[in-house]
Structure formats: C-alpha cells, structure tokens
Amino acid sequence: MKKITISAILPTLFFLWGCSDLMLELEPFNEDSELISETILEILNESSENLEIPETVTENLELPTTGESGETITWTSDNPEIVSSDGTVKRPPYGSDDITVTIIANIELNGETITVDFEVTVPAEELTIEDALNAVLDSLSIDSPDPYENLDLPVVGDFGTTIEWTSDAPGIISSDGTLIPPAASDGDREVTLTATVEKEGTSENKTFKITVPVAENETFTPVDGVSFNMIYVPARTYMAGLNDDGDKNNGSDISNIAIEASGTKIARSFYMGSTELTDHLWKTVYLWAVSEGHYNFETEDAGALSSSLPVTGINWYDAVVWTNALTEYTNAKEGTSYTPVYRSNGSVLRDSTAISSLDSVTPDSDADGFRLPTSDEWELAARYKGDQDGNGFLNAGEFYSGSELSGEGPLSADDVAWTSDNSDWYQYSSGYWIIHREVARKSASALGFYDMSGNVWEWVFDASLNADGDDVRLWRSGSADNVPTENAVGFTAGSDSSFSMDTLGLRIARSYN
C-alpha cells in the first residue's frame, strides 16, 4: 500500500480529496510556513501518483531520482541489506524466510515535500540446479555395511534429481546395492561407490569408500558327533566346461546340458563342505535319524563311526534324504533353526524309498538347511582361485581351467588329487579292499577345498540326459579309479538315481542367507 505524507497547511488539502487510494498524513500546522501554491501541490501529487513499486520484488529496482517537473526524489529503506536506497535487491538465501521491507520516496519541490512509503516482499532465493545437486550430495551417506545385508542405494533424490550408482567392484557391491562378501581367501575388500546426481542434464559426483569384510567359513561341532567345516563361496560368473567355453558336455557321455557361451552365473552365494562327506559323519547322523523313528534309508550299512574315509555305496535318493536328516540333527544338537530343503506337499522328505516324491522334488530356494550342491555350484567351488578385481566374473588367472585338477597349477596333479596314476587298491583296516583314501590327505584348492578332483565321485542335485536319452543324476569330481583327464574340474558324468558304487559319495552344501 502507498502511504503519502505532505508538508502543507490545512486550506490547501482540498486539492487531494479526489485521491481515494491514498493514505494522507498531515504534518503539524506551521504558522510561519507560506501557503503551498496550487501548482506545486499538483506537481507533487501527480509525481507521487506516478510512482509504482511491485509488491513482490526479485530483481533490482529502477528508482527514479527526478520527476517530470524537476522535482527531486530521494529514497531510503528500513532494511538496506535487502533493498538498498539505489534499488539494489539482495534476496535471502535458499531455505530462509521471505523478508518484508519498507522503502520510502521523498519527493521535494521548492522546499515542499511529499513522502511515499512502499511495502515490498523479497522472497528467498530459488534453488539453483547447482544448489539442488549439492544439497542432495550432502544428504547422501552410507553406513558401514553389515556383511549380511544389502545396501539401500536411493535412485531418486529431492528437488527432481536422479541418482545413478557405479562400483569399482560390482562383484562385491553391485550398482543396485547387492552386497556379496568376499571369500575368506580373498580377504576384506575396499570398494569405491560413486553416486552421480543429475538434474536437467547437469550432474555432480560423490564417492564413498566402503570396506566389506569377508564372510567367515562355518565349523559345526555337534556334541555327540564329528565336526565338519563349510567353505563360503561367493556368487560369481565363470566359463564352464573342459575348454572354458561354456560347453558342459565335453569329455563325457552326458548330453542336453546347455552351452553357456556368456558364462555360467551363480546368483547366490553358498557354503560347501571342505571335504567329501566322511563315513563318520554319515553314520553318526544316520544312527540318530533312524533311532528317532522319523527316517528310512535304502542303504543301511554305509559308513563307519571310526572312519575318515569318504562315505560311498549310497544312491542319490539316500544322499538327498540324508541332507534333510543332517539339517534336523544339527538343529537338535547345536540349537540352530535351519529349514530342511527337500519337501513333498509341505512335508519333509525322510524316506529314501519314496521314489516318486524324490524324483519330482524341487529344492526350497528359501530354505537354509543342508542339501546337495548343484552341478554349477560344485564347478564354481572347484574352479575358484580368487576374484582379484571384484568384478563378479572369474577372468583368466582367477580360476582353475576346466581341463585342470582343482588346486593344480603351482602344485602338481599328484599334490592335489588321488587318481589312477597314483592310486591302487589296498586293504583298509577293517579288512576290505578300497582304492580311495581318507579325506584331506592331499593339498587344498585356493578356497580351501580338498579332493575336488579325484578320490571319489560326488553326487550333485542336477538331472540330465545321457547319450541314450535316459534320465541321469550328475556326478562331479572323478575318482581314484579314473585317469586325470576324467578328474578335471570341467568333466561331468552321471547315472540313474538308484545307482551306487564304492567310488561314489557326496559333498554337502548350504545356501548363504
């Protein structure tokens, strides 16, 4: 609102009666002052009416200093830091309150003065693109990660911004925040995450350094049983097959296994037994399971409570049901609460003679109990040397070739595997003849696995077709009765699920949660 104050004696005021939009304020009557001439009063009045100042200002004002009839106009402000007397406007910073300022025009002619007050609002600065980017970057933070939890990486920021993440080690922390702890053999890993905040084609970056600790291996020591170790294997992509070309059929009569030229991807980390399953552990769990009256096995005489030999002579059905028994045994003895993996119509499979249920069983992907590894999991574990760059793909030098034995390279084949080249049948302490040896008598692989090549074949979960088109369950590892080429990590064999022999056992796995 415009407020006008004039210096004049009362008789002259009739000239202003028509100005209904003005607020008039009289100066005290001065007997010594002369009457303002009608002409001067009209000039001042007209000059005041011509002054226009917007109620809201965001830019500098052009404040006139003279009128059309030679009158002078001077300006003052009650807040010159925001609106100065020369019209310079300085808006409050973004996030501050708007400020109201009164600026005053003093109009003077021949010693007579009219003052006009203008009340204006100066709004705070609007957010610039640069301010928006910096505000979002300042708000971004990443807490030290729990090695068992993914990161919550926002992709939309305030003020209409978007956020894109990149990682220099996507195999450890991916761009969507998926966290895969490194293997114990790889050590803790520092990862650099970069957040790129973008708005209307302009972007700024912020980096974060995060140390991701290794996932520890597991050791189980039931109170009345034998201890066993599980090695953590991080999810990775690798090239399968004897020739490292994705062809999983090389070297065996197993057919109908897809060629994966882009690499075999294991999407979920897992644990796998550091050794082949021993007679001792098999027998301990078997006796507990059947004594409870819940379990039934087709093979009754496998295993020996005093033996560190790998258990053999069991079929695939026995192996599947026994892993469920191990889950429930561990829960009972160690107080864990693992969920059995193999079920039929919601019920835990506890009978290895329930052929139809076992043939159609699908592992519960959410269960964290013990199970057989898949063929792809087994091969990743057997091949893994170390993911030095953390990119999630095993590059040259980071894996054992498919034509090699697991652990071979700096070590010789004789150092890492029992094969037909260094084994023969011998009489064991219990009086029967065997060709395989006690577990973990050869050197381990880079991850810490023993006998991933040779000693005894190992059942895995997968089914496939052989060259005759018959359904088979797959074996991995080779045995002490096979030549080294059949013990290579890329080699695959198999048989009917009901088949068993004295050089065929298993190795256990468990999903990483």
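Where a number appears in this text, it was derived from the coordinates with a stated rule and is not lab data. Keep in mind that what you see is a predicted model, and the values were worked out from it rather than measured. Cβ sites come from the backbone with ideal geometry, for glycine too, and all protein chains shown count toward neighbours.
Worth a mention:
- Chymotrypsin sites (Phe, Trp or Tyr not before Pro) within region 429-513: DSSP coil, no more than 10 neighbouring Cβ in 10 Å: TYR432
- Computed over the chain, the ratio Rg/Rh where both radii use C-alpha atoms and Rh is Kirkwood: 1.45
- Shape call, region 368-440: gyration tensor on alpha carbons, a/c limit 1.5: oblate
- Here, region 411-513 yields an orientationally averaged convex hull projection of 8.2 nm² when only Cα atoms define the hull.
- Virtual spin-label span in nm between ASN513 and SER443, 7 Å along Cα→Cβ: 3.8
- Each peptide in 292-298, 482-488 was scored by the mean count of other Cβ atoms within 10 Å over its residues; highest first, the order is 482-488, 292-298.
- Of interest is the spacing of the C-alpha centroids, which for region 413-438 and region 346-386 amounts to 28 Å.
- Global geometry of region 218-511, whether rounded, prolate or oblate, following the gyration tensor of its Cα atoms and the 1.5 cut on a/c: rounded
- Residues THR362 and THR219, FRET efficiency given R0 of 45 Å [Cβ-Cβ distance, rounded to 0.05]: 0.90
- Its DSSP H runs of at least 4 residues, each contributing -39,500 (n - 2.57), put the calculated 222 nm mean residue ellipticity of the chain at -4500 deg cm²/dmol, to the nearest 500.
- Where only C-alpha atoms are counted, convex hull volume of region 290-401 per residue in Å³: 171
- Computed over the chain, relative contact order equals 12 percent, with contacts defined as Cα pairs under 8 Å that lie 6+ residues apart.
- Here the convex hull built on the C-alpha positions of region 114-174 has a volume of 121 cubic angstrom per residue.
- Reduced Cα scattering model of region 345-407, Debye log10 I(q)/I(0), q = 0.18, 0.23, 0.29 Å⁻¹: -0.78, -0.97, -1.32
- Each Lys or Arg adds one and each Asp or Glu takes one away; over the other residues whose Cβ falls under 14 Å from the Cβ of TYR426, this sums to -2.
- Length released on extending from ASN422 to TYR148, taking residue separation times 0.36 nm less the Cα-Cα span: 94.4 nm
- Cβ-derived FRET efficiency at R0 56 Å, SER337 paired with THR128, nearest 0.05: 0.55
- Additional length obtainable on full extension of the chain from ASP415 to ILE104, 0.36 nm per residue less Cα span: 102.3 nm
- Directionally averaged projected area (region 129-212, Cα convex hull): 5.1 nm².
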